[in-house]
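Report on the following structure.
Computed from the coordinates by the stated procedures, all read-outs in this text should not be read as laboratory data. Values in this document were obtained by computation on a predicted structure and should not be read as measured data. FYI the Cβ positions are ideal-geometry reconstructions off the backbone, even for glycines, and counts take in every protein chain you see.
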Protein chains: 2
Amino acid sequence: MDLHEEMIQIGTEALKASRELVMLGTRSKNSILHAMADELDAQKESIKAANKIDMDEGHNNGLTTAMLDRLLLSDARIDSMIRGMRAVADLKDPVGSKISRWIRPNGLEIVKRRVPIGVIGIIYESRPNVTADTAALCFKTSNAVILRGGKEAVHSNAAIADALIAGGAKKGLPENAIQLIRTTDRAAVKELVQLEGLVDLVIPRGGESLIHAVTKDAHIPVIKHYKGLCHTYIDAEANLEMALNITINAKCQRPGVCNALETLLVHKDIAKEFLPQLAEAMSEYNVELRGDSIAQKTVPSMKEAVEDDWTEEYLDLILSVKVVESTQDAIDHINKYGSRHSDAIITESAVAQKQFIQEVDSSTVYINASTRFTDGSEFGMGAEIGISTDKLHARGPMGLEELTTYKYIVSGKGQIRD
Amino acid sequence: MDLHEEMIQIGTEALKASRELVMLGTRSKNSILHAMADELDAQKESIKAANKIDMDEGHNNGLTTAMLDRLLLSDARIDSMIRGMRAVADLKDPVGSKISRWIRPNGLEIVKRRVPIGVIGIIYESRPNVTADTAALCFKTSNAVILRGGKEAVHSNAAIADALIAGGAKKGLPENAIQLIRTTDRAAVKELVQLEGLVDLVIPRGGESLIHAVTKDAHIPVIKHYKGLCHTYIDAEANLEMALNITINAKCQRPGVCNALETLLVHKDIAKEFLPQLAEAMSEYNVELRGDSIAQKTVPSMKEAVEDDWTEEYLDLILSVKVVESTQDAIDHINKYGSRHSDAIITESAVAQKQFIQEVDSSTVYINASTRFTDGSEFGMGAEIGISTDKLHARGPMGLEELTTYKYIVSGKGQIRD
């Protein structure tokens, strides 16, 4: 069987599993989730052994320290996967819930009800915990899932998937409800994203090149989890103490994540007062500042920001700084250079707040708070499959509800159309 | 300027217009819609003259009578476009409405609010009224629209678009909020569906080859308005009089549309009683029946149904008929051969109803009613841009709400993340 046929078979089996999944009740699903968690616990040693193979190969292949750290499965990280799985069991099941209901003048009753999407493909990179986390969320929402992890985590992912499938099977997990693509052949991704009629949605989670490859080849819907080039705009009417606190938090609390701050926009009227305070605080946190010419005039120690600094997601202790003429100027900069993820305004002005909210075209717009809150659990969703930077179907943090679609159920007594 | 550059310019202008559209209030939008309707009325003669050019060319190029009929713009059809435009002005504006709101334990207020999608491309075939209908719906929801009609309607579409743009401009329609691709070069569609970062969504409305071409080339989200291969299943516990009425309505009332019945599934226990009644009624309506071997045994006048009959959207007075063993058998047939559009069960059995609703994977599932009701205005949405056969973002009839997305607005008092 060649790769093309193999992928069609995986898709066909997933579709078949999805038909069985719609018949599982919440209680059965939760008991399966706990059985999967139990098996992860029971298989801890073999999972760590598989991970050691990946780590050794990673060392030999010259992976960076950061990549090796993402790849590593310690006891603590496996325990965290297990807790995550049980936490998903505790979440409210959105499947079957009524979104709305109305009666037409001809007596037809229309009910709009949440149903699973069907078959979801998840394409991700080096963190092996994604295997367990996303399988749990897709299964809880009665979706069949096809997982495709990074090449460097292939043994770890296989060990985790084997445990989930074996554990789930003990309590009635439908066959092929969770499948892992085990070949490391890159062509498998292209085949996966072209399985029209079999796979309903593909979610790529990873770097720019992964997302572009998926988008280019896909014949099926894709929800991109793209970069976060987040801005904070300090308005002329900002509380500057609050502005500094929020800037420090958004940039420094965890610089390597998508909701961290990358570009700070400062209104010209407060730049002279604010920028020196910023420079002092950022130097304490070892943050390198890169400013436009006006910012540099106020704080000469800043490096010069070039055009690329407005488009780069540093994911590091670097902050680009631009002095703007007005709220409109800040909005225009964000809409031009941003990634439609999370952007904040710090101001006491209701007028500026309103304009910013209306005109900034991002999934999450903040007033007087840190962008770091764009996160499924911080939003109260319990867990997230990721953060969508697309506008269709799901925008921002994607929780369980965003892994469902809906169906109209129309009930009559013989109504026909005139 | 070559086609590639031209399309990028169209996309860039549309994005710019979309930034202005978010600032228009409902009252301004409605007055613009009425001004567009007024101008259609004023330009009626020039629209008909443009249509005559298309009709003459269509005759010369050998278009079928059905295609010429779809292309024709009579006074009555232009009046209907004008009424449609004014009706959209009367619809409730979903933009800005609050979907939900909650407060987090840290005091952050999260509001989920409807916003425009941004820039929408509509690709359609021969009916020129689609130009006005879809422009009105996209504009009412503050989206910029790029229209691409069929080659055979190019003069009609240009005359309609010119009237809309000129009429709208009198009341403040932002420049390039409505654009029509005027070249008939087929390569323009491929360029359009690859305008990542400029166009947010493409909706293809048309035949199978159009949809496949768009899906194959697209790098941006697509909501397919695909075929309707609709089924009705007559259960063993059906009220047979109701079943016959519904079958006649779903098949004959307007056979050329996507929510018309194409395949009838009949439970074996009532086949002997029901099929002769069906044959008699269908012969009155000149419907050709194509049955499987069991149906043919009961009604020998039926033609034989071959495998292709289960996958063909006839859009004509033809009905394929299959005798099934059980509700499960009917469901399996629908999920295998259907187009996930609209499917009905006729039964008094609550058990069969429940099973059918849960397991049939279609946008709209009917109990004891005609599938012909899958329609925006029949659903009470007022108007529709079409009927989505996809599962992501919008499923089934797409009204104004489905032309919006949402944004999270998070308001704080300086909250930072621990």
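Helix A:240-252 sits at what angle to the longest principal axis of chain A, using alpha carbons and giving 0 to 90 degrees rounded to 10?
50 degrees
Output wanted: per-residue J couplings in Hz (rounded whole) for segment A:25-39, from phi through Karplus 6.51 cos²θ - 1.76 cosθ + 1.60, θ = phi - 60°, x for Gly and Pro.
Along segment A:25-39, the couplings run x, 4, 4, 4, 4, 5, 5, 5, 4, 5, 5, 5, 4, 4, 6 Hz.
List, shortest first and in nm to one decimal, how far the label point of B:Asp79 (7 Å from Cα along Cα→Cβ) is from its counterparts in the other copies.
Its label point is 7.8 nm from the equivalent points in the other copies.
Between 0 and 90 degrees, rounded to the nearest ten: what's the tilt of helix B:268-284 against the longest Cα principal axis of chain B?
70 degrees
Once phi is turned into θ = phi - 60°, what whole-Hz ³J(HN,Hα) does the Karplus curve with 6.51, -1.76 and 1.60 give for every residue of segment B:289-300, x standing for Gly and Pro?
Result, ordered by residue: 9, 10, x, 6, 4, 5, 4, 4, 4, 6, 10, x Hz.
Compute, for segment B:181-253, the length of the dipole vector about the Cα centre, with Cβ point charges of +1 (Lys, Arg) and -1 (Asp, Glu) only. Units Debye, rounded to 20.
Charge dipole, segment B:181-253, about its Cα centre: 340 debye, nearest 20.
Once the Cβ-Cβ distance between B:Lys297 and A:Glu109 is put in as r, and R0 is 41 Å, what FRET efficiency do you end up with, to the nearest 0.05?
0.60
Ordered by residue, what ³J(HN,Hα) values in Hz, to whole numbers, does segment B:64-79 give under the Karplus form 6.51 cos²θ - 1.76 cosθ + 1.60, where θ = phi - 60° and Gly and Pro are x?
Ordered by residue, 3J(HN,Hα) equals 5, 4, 5, 5, 5, 5, 5, 6, 5, 10, 8, 4, 4, 6, 5, 4 Hz.
Just checking the output field for A:197-204: average partner chain Cβ neighbours within 10 Å of each residue's Cβ?
Per residue, the average neighbour count from other chains is 1.
Sort all Cα-Cα distances of segment B:200-264 into consecutive 10 angstrom bins from zero, then give the percent of pairs in each bin up to the one containing the longest distance.
20, 34, 22, 18, 6
Cross-link list B:Lys268/B:Lys391; A:Lys29/A:Lys151; A:Lys322/A:Lys391; A:Lys112/A:Lys140; B:Lys268/B:Lys303; A:Lys407/B:Lys227: which exceed 25 angstrom alpha carbon to alpha carbon?
B:Lys268/B:Lys391; A:Lys29/A:Lys151; A:Lys322/A:Lys391
Of B:Thr263, A:Thr12, how do they rank once you tally other Cβ atoms within 10 Å and put the fewest first?
A:Thr12, B:Thr263
Give me the distance in nm between label points sitting 7 Å out from Cα along the Cα-to-Cβ direction at A:Ser31 and A:Thr64, one decimal.
If labels sit at A:Ser31 and A:Thr64, their model points lie 4.8 nm apart.
Per-residue Cβ counts within 10 Å, from other chains only, averaged over B:359-369: what number is that?
6
Just need log10 I(q)/I(0) for segment B:1-154 at q = 0.12, 0.16, 0.17, 0.20 Å⁻¹, Debye formula, equal scatterers on the alpha-carbon atoms, no solvent, rounded to two decimals.
Evaluating at q = 0.12, 0.16, 0.17, 0.20 Å⁻¹ gives log10 I(q)/I(0) of -0.65, -1.00, -1.08, -1.26.
Starting from a label point 7 Å past Cα on the Cβ side, list the distances from B:Arg182 to the same position in the other copies, nm, shortest first.
Those label-point separations list as 6.1 nm.
Can you work out the FRET efficiency for the pair A:Asp185 and A:Asp56, with r the C-beta to C-beta distance and R0 = 22 Å, to the nearest 0.05?
Computed FRET efficiency for A:Asp185 and A:Asp56: 0.50.
What Kirkwood hydrodynamic radius do you get for chain B when you take the inverse of the mean 1/r over all pairs of distinct Cα atoms, in Å?
23.4 Å
Taking only Cα atoms, what is the 0 to 90° angle, nearest 10, from helix B:208-217's long axis to the longest principal axis of chain B?
50 degrees
Restricting to DSSP H runs of at least four residues, report the calculated mean residue ellipticity at 222 nm for the protein assembly as shown, -39500 (n - 2.57) per run over all residues, nearest 500 deg cm²/dmol.
When only DSSP H runs of four or more count, the value is -13500 deg cm²/dmol.
Run the dipole for segment B:230-373 about the Cα centre, Lys and Arg Cβ at +1, Asp and Glu Cβ at -1, nothing else charged, and hand back the magnitude in debye, nearest 20.
For segment B:230-373, the charge dipole is close to 220 debye.
Explain nothing, just the number: dipole magnitude of segment B:1-108 about its Cα centre with +1 on each Lys and Arg Cβ and -1 on each Asp and Glu Cβ, in debye rounded to the nearest 20.
1020 debye
On average, how many beta carbons from a partner chain sit within 10 Å of the beta carbon of a residue in A:102-112?
Other-chain Cβ atoms within 10 Å of each residue's Cβ, averaged: 3.
Among A:Ile294, A:Ile123, A:Ile146, which one shows the biggest mean-square fluctuation in a GNM of chain A, springs joining Cα atoms closer than 10 Å?
A:Ile294
Out of residues 5 or more away from A:Val202 or on other chains, whose amide H comes under 5 Å of its own, with H placed 1.01 Å from N in the peptide plane?
Under 5 Å from the amide H of A:Val202 lie the amide H atoms of A:Gly121, A:Val222, A:Ile223, each far enough along the sequence or on another chain.
Just order A:88-96, A:194-202 by mean Cβ neighbour count inside 10 Å, highest at the front, would you?
Ranking, from highest mean packing down: A:194-202, A:88-96.
With the Cα gyration tensor of the protein assembly as shown giving a ≥ b ≥ c as the square roots of its eigenvalues, does the rule (a/c under 1.5 for rounded; else a/b larger than b/c for prolate; else oblate) give rounded, prolate or oblate?
oblate
Spin-label point model (7 Å from Cα, Cβ direction): what's the A:Glu241 to A:Glu304 distance in nm?
3.8 nm
Once you have a ≥ b ≥ c as the square roots of the Cα gyration tensor eigenvalues for segment B:261-334, tell me rounded if a/c is under 1.5, and otherwise prolate or oblate according to whether a/b is larger than b/c.
Verdict is oblate for segment B:261-334.
Pull out the extension gain between A:Ile8 and A:Lys171, defined as 0.36 nm times the separation in residues minus the alpha carbon to alpha carbon distance; nm, one decimal.
Here the answer is 55.9 nm.
Need one number for segment B:230-373: average projected area of the convex hull over its C-alpha atoms, nm².
Directional mean of the projected Cα hull area for segment B:230-373 stands at 7.0 nm².
Between A:Asp418 and A:Arg101, what FRET efficiency comes out of the Förster formula 1/(1 + (r/R0)^6) with R0 = 22 Å and r the beta carbon distance, rounded to 0.05?
0.40
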